[in-house]
Amino acid sequence: MTMLVITLLSVIGGAICCFAGYRIFRVALSLMGGCLGAYVGLVVYEYLSKYDIALMHMEYSELVTMIAFAVLFGALAFGLYMKALIAVVTLLSGWYLYSDSESIGIKLPWNSPVITFGICLLFGLVIGFAVYYLQKWAIIIFTSFIGAKIIASVLVPYLIALINGHQGEMVLKLMSGKISGDTELLIGLISVLLLTGAGIAVQMSKKNS
């Protein structure tokens, strides 16, 4: 039930970001903040569920925790708007760079995940300032890409499950961007590229109309 709700909300939110991010950027930023909050909520739930906390072991407690964090982060992004822009873009860009580099097995000259994630955050900060100051094209490209990543992160595992016939073994990897095999890596990459290109094309056509 939790994963189904997350999948539906992610696809809807991702589609709005991907195909209408520039036109309704404040809403798109709120959706991106909400997706970021949902992942933070999942991390918080997994951490707290290890302890003897009654609320964390109730029915649908995982879903409630994720929705609560998603609403909180989304509301903050909407309320703060441009003040939240750099933070949201930095965290999303840094996390996707970190998780994608882990997935494809990039070997870095250090072993510390803290250093790796710190460098990824610096990269994300560059993207954040680019979106903040350049806007227009940067916003279109960024929202198209993030929307594509959100959609692919929840739909590609379903697609892989249908291809290999192991639906029962399918695990959604919401927001993490982590992918487990060459086939999933290739399908995920192609999906993101196609959706990003389509998002840019649609947003540019609406922007110029």
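Figure legend. Inter-residue proximity from segment 118-142: first residues under 18 Å from ILE24 (Cα atoms), second residues basic (Lys, Arg), beta-carbon distance below 9 Å, spacing 6+ or different chains. Indicated pairs: LYS136/LYS207; ILE140/LYS207.
All of (1) under 18 Å from LEU76 (Cβ atoms); (2) among the basic types (Lys, Arg); (3) modelled with pLDDT under 85 hold for ARG26 with one exception: (3). For segment 10-29, the set of residues classified as surrounded by fewer than 24 Cβ atoms within 10 Å (Cβ to Cβ), part of a helix (DSSP H, G or I), free of Cβ contacts under 8 Å to residues at least 60 places away in the same chain and not charged (D, E, K, R) consists of ILE12, VAL27, listed by residue number.
Among the residues of segment 65-92, the one identified as more than 16 Å from the chain's Cα centre (by Cα), aromatic (Phe, Trp, Tyr) and part of a helix (DSSP H, G or I) is PHE78.
The numbered conditions (1) among the aliphatic types (A, V, I, L, M); (2) modelled with pLDDT of 80 or more; (3) over 18 Å from PHE145 (Cβ atoms) are all true for LEU85 except (3).
Considering only residues that are of a type in the set (Phe, Trp, Tyr) and not in a helix (DSSP H, G or I), which ones fall in segment 30-56? Scanning segment 30-56 gives a single hit, TYR51.
Would it be correct to say that GLY79 is surrounded by 15 or more Cβ atoms within 10 Å (Cβ to Cβ) and modelled with pLDDT of 85 or more? Considered against the rule, which asks whether it is surrounded by 15 or more Cβ atoms within 10 Å (Cβ to Cβ) and modelled with pLDDT of 85 or more, GLY79 comes out as no.
The values are calculated or read from the model by the stated rules, or taken from the named source; none is laboratory data. Fair warning: this is a prediction, and the values are worked out from it, not measured in the lab. Note: ideal-geometry Cβ built from the backbone for every residue, glycine included; neighbour counts use all protein chains shown.
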